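Notes for the one structure printed next.
The values are calculated or read from the model by the stated rules, or taken from the named source; none is laboratory data. Every value quoted in this text rests on a predicted model; they were computed, and no experiment measured them. Note that each Cβ is placed from the backbone with ideal geometry, even for glycine, and that neighbours are counted across all protein chains shown. For accessibility, only protein heavy atoms count, side chains too; no ligands or nucleic acids. Shrake-Rupley method; radii C 1.70, N 1.55, O 1.52, S 1.80 Å.
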Amino acid sequence: WSIGDKSSAISGLELWLQDNVTDNRVLMLLAQFYLAENRTPEARRTYQSLDALVPDNAVVLNNLAWLMKDTDVKKGIFYAEKALKKEPDSPFIQDTLAMLLLENGEAERALKYSEQASKAMPDFLDIQMNYSKVLIANKKNNEAKKLLTILLNRESSIDNRKIIRKELRNL
């Protein structure tokens, strides 16, 4: 993986798991590799296997919740809420739950979790961008504009600045 041969790294882990289906460490690594390669169905199946082997693991539940966003939002919300019970102060889980709730048309409920995540991680761009989406969905455009302007002024990445400008133009 580290030298760029991602396909072989994944194949090697998959081969190992044929005879070692309960190797949690390898399953976790494989799930992360699948995520990195945008292989969502494989990542989802791997996290489901992990959830069966190590139930109530907040990281597994949160990642599984996020991976349900496009297939079964309600189940994703279930997993995210379960993860949040395990790690109630995790901004990553709060953010996941907020985005799933938003996807499910529950913008007002999403606001609570997104705001908590945003306050906990003020320098984490993805969480801040998600918060701006939740603000917009809750008709808080002035707050979203203020947040996006702050993000634009402090962001050094040209690509991220383009994304932020696009969101500002959409307001």
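For the reader, a short list of remarks on this structure follows.
- Residues satisfying the stated conditions in segment 98-111, i.e. on the phi < 0 side of the Ramachandran plot and either surrounded by fewer than 20 Cβ atoms within 10 Å (Cβ to Cβ) or out of contact with any Ser or Thr (no Cβ under 9 Å at 6 or more places or on another chain) (or both): Leu100, Glu103, Asn104, Glu106, Ala107, Glu108, Arg109, Ala110, Leu111
- Residue among Ser114, Ser157, Ser132 that is farther than 18 Å from Glu81 by Cα, among the hydroxyl-bearing types (Ser, Thr, Tyr) and open to solvent by less than 30 Å² (accessible area, probe 1.4 Å): Ser132
- Cβ-Cβ distances below 7 Å connect the following pairs, each with a first residue in segment 121-142 that is part of a loop (DSSP other than H, G, I, E, B), a second residue that is open to solvent by 50 Å² or more (accessible area, probe 1.4 Å), and a separation of six or more residues or different chains: Asn138/Glu108.
- Some residue of segment 57-64 being under 16 Å from Ser118 (Cα atoms), assigned to a helix (DSSP H, G or I) and polar (S, T, N, Q): no
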